[in-house]
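Chemist: One structure follows; several queries about it will come next.
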Amino acid sequence: QVELVESGGALVQPGQSLKLSCAASGFPFSIYAMNWYRQAPGKERERVATITHAGNSTIYPGSVKGRFTISRDNSKNRVYLRMNSLKPEDTAIYYCNTYASSWGGKQDNYWGQGTQVTVSS
């Protein structure tokens, strides 16, 4: 059973930084790419970061490029999202995601429960 659990969301002021964490279990973490998505109320879900299985390559959309950094620690089955220079438009629920095959044999997109990030003065 694939499980992804996000943590670290908070209320912060514009310009401040925040680091999110995702704890993964139920699949061979180190061979799969990981993603962070976010969704604000009434808006489409948006992918904000991707990291390859070995952590050697990352990708970001223009909305966060230069401010967000995704990283992973395969020894701990964890993926992180460091967010700098936060803006009010970054306010959303942030989700950890992977397209993976569990040891039970099912390959699919899997999602965490989300963690709330609010950027406000």
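Chemist: Taking the range 3-31, which residues are buried (at least 19 other Cβ atoms within 10 Å of the Cβ) and touching a Phe, Trp or Tyr at 6+ places or on another chain (Cβ under 8 Å)?
Modeler: L4, E6, L20, C22, F27
Chemist: Specify which of the listed residues (Y94, Y110) is within 26 Å of P14 (Cα to Cα) and either open to solvent by less than 50 Å² (accessible area, probe 1.4 Å) or among the aliphatic types (A, V, I, L, M) (or both).
Modeler: On the way: Y110 fails: within 26 Å of P14 (Cα to Cα).
That would be Y94, the only listed residue that is within 26 Å of P14 (Cα to Cα) and either open to solvent by less than 50 Å² (accessible area, probe 1.4 Å) or among the aliphatic types (A, V, I, L, M) (or both).
Chemist: Shifting gears a bit: Can you tell me which of K76, K43 is within 20 Å of E89 (Cα to Cα) and surrounded by fewer than 17 Cβ atoms within 10 Å (Cβ to Cβ)?
Modeler: K43
The values are calculated or read from the model by the stated rules, or taken from the named source; none is laboratory data. Model, not experiment: these values are computed from the prediction. Positions of Cβ are generated from backbone atoms using ideal geometry, with glycine treated the same way; all protein chains shown enter the neighbour counts. Ligands, DNA and RNA are stripped out before the accessible areas are found, and what is left, the full protein with its side chains, is counted by its heavy atoms. Shrake-Rupley method; radii C 1.70, N 1.55, O 1.52, S 1.80 Å.
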